[in-house]
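Single-structure report; data block below.
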Amino acid sequence: MQDSGPAVSGIQSALLFETPEEIYARVFREFKPRTPMPKIAVEFCRFANADSFIRLESGVIHVRISDLLEGAPAPVVEALAYILLGKLFRRPAARIYAHRYRLYLNRRDMRRQMHLIRQIRGRKFVSGPQGSHYNLEAVFEALNAEHFQGLLSRPLLGWSRAASRNRLGHFDPSHNAIIISRVFDNSTLPAVALEYVMFHEMLHLRHPVEHNGAKRRVHTREFHQAEKQFGRLQEAKEILKTL
Ligand SMILES: [Zn+2]
């Protein structure tokens, strides 16, 4: 070992002293070694979540990043540059970058900030519990009495705008709301299917998402265990298959 000076300064100049545009230019060079460097414009925007966008338009690469990431360490900005340019050139970024990026977003302080920003900036459509055939409040309270000793405090309840078959229901912790697909507001569909989806979302109130490093576990072992309390689970699942 002689002089480690140059290696160290190399890392520093790459990671610490670049502007976001310089980071994108360096990563661009890796994807496209021989293509003339386009103009690159990086903009931080007040989105309601951590989404980022990239597009190539009349020879300019436009990058729009959530302002949540404005203070992110350079390695995180770099990881996102690999992810976004990879998307643009249809060449998936190395997994290390996706992992690094997720690790950062999964940090407790980042999750807290994202939660707040969604609450403040995100608009939530909640229709109210009364549908044409079913009332979600009645469904919720019957399940609450049967499975939670009536102790679960009732969140906002609403029907989705569209009768989605892909997203049957979801719990949105930022708005404390359970949204059920309008596909269930149908007298020809047995109530047990709707009750099962509601019960599933109610369990999300009880069993928060677990975070561990870059991993995020929504349906934990305890969650699956608790779901078995629903007496007509198989029957309900069979009906969902027919939707
Ligand atoms: Zn779920």
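Straight-distance candidates among the aspartates and glutamates for linking to Lys39, with alpha-carbon spacing under 19 Å and chain neighbours fewer than 8 residues away dropped: Glu18, Glu21, Glu22, Glu30, Glu57, Glu78. Within the listed set Phe184, Phe31, Phe171, the Gaussian network model of the chain (springs between alpha-carbon atoms below 10 Å) gives the highest mean-square fluctuation for Phe31. As a rough guide to protection, the peptides 112-120, 78-86, 100-108 ranked by mean Cβ packing within 10 Å, highest first, stand as 78-86, 100-108, 112-120. Over the chain, dividing the summed -39,500 (n - 2.57) contributions of all DSSP H runs of at least 4 residues by the number of residues returns a 222 nm mean residue ellipticity of -13500 deg cm²/dmol. In order along the range 45-54, phi translates into HN-Hα couplings of 10, 7, 7, 8, 8, 8, 4, 9, 9, 9 Hz, rounded to whole numbers, per the Karplus curve 6.51 cos²θ - 1.76 cosθ + 1.60 with θ = phi - 60° and x for Gly and Pro.
Which value, in debye to the nearest 20, describes the size of the charge dipole of the range 185-224 about its Cα centre when Lys and Arg Cβ atoms bear +1, Asp and Glu Cβ atoms bear -1, and nothing else is charged?
320
Would you tally the net charge around Gly128, using a Cβ to Cβ cut-off of less than 14 Å, leaving Gly128 out, and scoring K and R as +1, D and E as -1? Net of charged neighbours comes to +2. Remark on Trp159: its backbone amide H falls under 5 Å from those of Ser127, Gly128, Ile180, a criterion applied only to residues 5 or more positions apart or on other chains, H modelled at 1.01 Å from N. Less than 5 angstrom separates the built amide H of Ser66 from those of Cys45, all sequence-distant by 5 or more or on a different chain.
For the range 82-232, a crude dipole built from +1 on the beta carbon of Lys and Arg and -1 on the beta carbon of Asp and Glu, taken about the Cα centre, is about 1320 debye to the nearest 20. Springs between Cα atoms under 10 Å define the GNM used for the chain, and in it the highest mean-square fluctuation of Met37, Met198, Met110 occurs at Met37. Per residue, the accessible area of the chain comes to 60 Å² when a 1.4 Å probe rolls over the protein heavy atoms.
Couplings for the range 141-153, taken from phi via the Karplus curve 6.51 cos²θ - 1.76 cosθ + 1.60 with θ = phi - 60°, read 5, 5, 5, 4, 5, 6, 10, 10, 6, x, 8, 6, 7 Hz in order; Gly and Pro are left as x. Comparing mean-square fluctuations of Lys87, Lys32, Lys124 from a GNM of the chain with C-alpha springs under 10 Å, the top value falls on Lys32. Within the range 83-127, whose backbone N sits under 12 Å from a point 7 Å along Cα→Cβ of Phe31? Under 12 Å, as judged by backbone N against the label point of Phe31, lie 83-94 of the range 83-127.
For a test of the definition: using alpha carbon positions, the gyration tensor, and the 1.5 limit on a/c, classify the range 142-228 as rounded, prolate or oblate. It is prolate, given that a/c is not under 1.5 and a/b is the larger ratio. Cross-link partners of Lys228 among lysines, defined as those whose alpha carbon lies under 27 angstrom from its own and excluding same-chain residues fewer than eight positions apart: Lys215, Lys237, Lys241.
Shape of the chain from its Cα gyration tensor (a ≥ b ≥ c, root eigenvalues): rounded if a/c is under 1.5, otherwise prolate when a/b > b/c, or oblate? Verdict is prolate for the chain. Between the listed residues Ala93, Phe17, Met37, the Cα displaced farthest toward the positive end of the dipole of the chain, a dipole computed from Cβ unit charges relative to the Cα centre, is found at Met37. Projecting the Cα atoms of Ala142, Val197, Ser164 onto the charge dipole of the chain (Cβ charges, centred on the Cα centre) puts Ser164 farthest toward the positive pole.
Kindly identify the range 46-182 as rounded, prolate or oblate by the Cα gyration tensor criterion: order the square roots of the eigenvalues as a ≥ b ≥ c, call it rounded if a/c is under 1.5, otherwise compare a/b with b/c, prolate if a/b is larger, else oblate. In terms of gyration-tensor shape, prolate. Each Lys and Arg adds +1 at its Cβ and each Asp and Glu adds -1 at its Cβ; summed about the Cα centre, the range 126-174 shows a dipole of about 260 debye. Take every Cα pair under 8 Å whose residues are at least 6 apart in sequence, average their separation, divide by the length of the range 80-150, and the relative contact order is 14 percent.
The values are calculated or read from the model by the stated rules, or taken from the named source; none is laboratory data. These numbers were taken from a predicted model, which means no experiment stands behind them. Using ideal geometry, Cβ is built from the backbone for each residue, glycine included, and neighbour counts are taken over all protein chains shown. Quick note on the areas: whole protein, heavy atoms, side chains included, nothing else; ligands and nucleic acids left out. Shrake-Rupley method; radii C 1.70, N 1.55, O 1.52, S 1.80 Å.
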